[in-house]
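Input: a single structure, listed below in structure tokens.
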Amino acid sequence: MTLPPPATRSVLVISHGFQPAYERGFCNGLVSVGHRVTLVTGERCDRLGLKPQIEVLALRGSQDEGRSAWAKMLNMARYHLALLGRVAGRRHDVVHVIGLIEPLWIVGVMEGLLLRLLARRFVLTVHDLLPHDRHTVAARRACRIAYRMPHALVVHTGRMARELADSFDVALQRITVMAHGLEPLPPSHEQPAPMDCLPVRLLCFGHVMPYKGVDVLVDALAHVQASCTLHVSGTCRDPDLARGLRARIRSSPAHTRITWCEDYVDDDRMRALFEEADAVVLPYRHIDQSGVLMQALRHGAPVVATRVGAFEDHVTPDVGELCEPGSARSLAAAIDRLAARRAALDRARIRAKAAELDWSGVVQALPRAYGAPA
């Protein structure tokens, strides 16, 4: 059944530095169903991947991690002043922020209040109900207030909608559930199933942070019975965490089978990593929704993940294996189970499942959140 297109809106999308693949896919999806889109982004925006109808405003400027603290603060101040000035012009029917950033009291609460006052309609996509590794009373209080600012909130799962209502007192009529979308994978990049005789190539992808449980994965590899290798690809912004993880890898009985690349990964290299991997491992301690999981599905890569957030919804037996969070032995057992049946895991079937999450269909959940046309 084909859904009727939603009423056309002029939408100002503010990504606040969220994942480039998400902002690109989301904006392209909005355009594909008739919306007029302006994307507020930074210098790393993938302009070539965006549909030509999308107006790009690089208000965030430089995203160089090597800048001084003062340079970052000045750039942030200029960015938010320019952003609020754009919203105050009321040229857009909808201002849609995809994700909150720190500091929550300034960006989530104070800026959220200004967006509510200045925008015709203010919509916020909540990717994680609480900040990663900050499940504190103060963070919960800030989020509770921040979630009162938008006219509507968008979440990716029904579970998140229920928790927003139950734990943050958000009225259900203000919440729209929109699945995390995916861009189609070009047919030329589809890969055949891996050969069963080779070691299982495990990939752990993304910024290394405490909640992602890379330390648990390193410990788990010592208990895995199957022949396997692990490639960790992702930078770590916490020097203490990085030093501790390097020491953990060196002292692991499986250290000769572990590599960690901390270089920046562009889209082409990311695609190659997912296509070469026999399985993507997501040993997260907590998460609501994961862009890395979506990329794994998009590339047809089997997944080993913990029973947290949306992983249980997506990592079905035909996709991979689940395990308990924080347990190296449970994770090792899940890797062994996947290795034993990897020949039966059909990458084409996983890609077909991912195709159901095409952005052009996913964004059709938004008419209620966007309200009546102006």
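Being buried (at least 18 other Cβ atoms within 10 Å of the Cβ) and more than 17 Å from Val363 (Cα to Cα) is a property that does not hold for Leu172.
Scanning the stretch 178-198 for residues that are at pLDDT 65 or above and either surrounded by 13 or more Cβ atoms within 10 Å (Cβ to Cβ) or closer than 20 Å to Tyr22 by Cβ (or both) turns up Met178, Ala179, His180, Gly181, Leu182, Glu183, Pro184, Leu185, Pro186. Which one is most open to solvent (accessible area, probe 1.4 Å), of the residues in the stretch 149-162 that are outside any strand (DSSP E or B) and over 12 Å from Val95 (Cα atoms)? So, considering only residues that are outside any strand (DSSP E or B) and over 12 Å from Val95 (Cα atoms), the one most open to solvent (accessible area, probe 1.4 Å) is Arg162. Restricting Leu297, Leu338 to those that are in contact with a Pro (Cβ under 8 Å, 6 or more places away or on another chain) and modelled with pLDDT of 90 or more reduces the list to Leu338.
A Cβ distance below 6 Å, combined with a sequence gap of six or more or placement on separate chains, defines the contacts here; from the stretch 296-307, residues that are within 15 Å of Tyr284 (Cα to Cα) reach residues that are assigned to a loop (DSSP other than H, G, I, E, B) and among the β-branched types (Val, Ile, Thr) in the pairs Val303/Val315; Val303/Val319; Ala305/Val315. Taking the stretch 110-148 only, how many residues are open to solvent by 20 Å² or more (accessible area, probe 1.4 Å), under 28 Å from Ser10 (Cβ atoms) and of a type in the set (A, V, I, L, M)? So the answer is 5.
In the stretch 323-338, the residues that are basic (Lys, Arg) form Cβ pairs under 8 Å with partners that are open to solvent by 10 Å² or more (accessible area, probe 1.4 Å), at six or more places apart or across chains, as follows: Arg329/His223; Arg337/Glu321. Looking only at residues in the stretch 51-61 that are open to solvent by less than 40 Å² (accessible area, probe 1.4 Å) and in contact with a helix residue (DSSP H, G or I) (Cβ under 6 Å, 6 or more places away or on another chain), the one that is modelled with the lowest pLDDT is Gly61. Could you say whether any residue in the stretch 34-41 is open to solvent by 40 Å² or more (accessible area, probe 1.4 Å) and either modelled with pLDDT under 95 or in contact with a Leu (Cβ under 6 Å, 6 or more places away or on another chain) (or both)? The answer is no; no qualifying residue exists. If you go through the stretch 89-103 and pick out every residue that is at pLDDT 80 or above and either open to solvent by less than 50 Å² (accessible area, probe 1.4 Å) or among the hydroxyl-bearing types (Ser, Thr, Tyr) (or both), you end up with 9.
In the condition set (1) part of a helix (DSSP H, G or I); (2) touching a residue at least 60 places away in the same chain (Cβ under 8 Å); (3) surrounded by fewer than 17 Cβ atoms within 10 Å (Cβ to Cβ), Arg349 is compliant with all but (2). Ala334 versus (1) under 27 Å from Val126 (Cβ atoms); (2) buried (at least 23 other Cβ atoms within 10 Å of the Cβ): which is the lone unmet condition? Status for Ala334: all satisfied but (1).
The values are calculated or read from the model by the stated rules, or taken from the named source; none is laboratory data. Note that the structure is a prediction, hence the values are computed from the model and not measured. Because the Cβ atoms are built from the backbone with ideal geometry, glycine has one as well, and the counts that use them run over all protein chains shown. Ligands, DNA and RNA are excluded from the accessible area calculation, which covers all protein heavy atoms including side chains. Shrake-Rupley method; radii C 1.70, N 1.55, O 1.52, S 1.80 Å.
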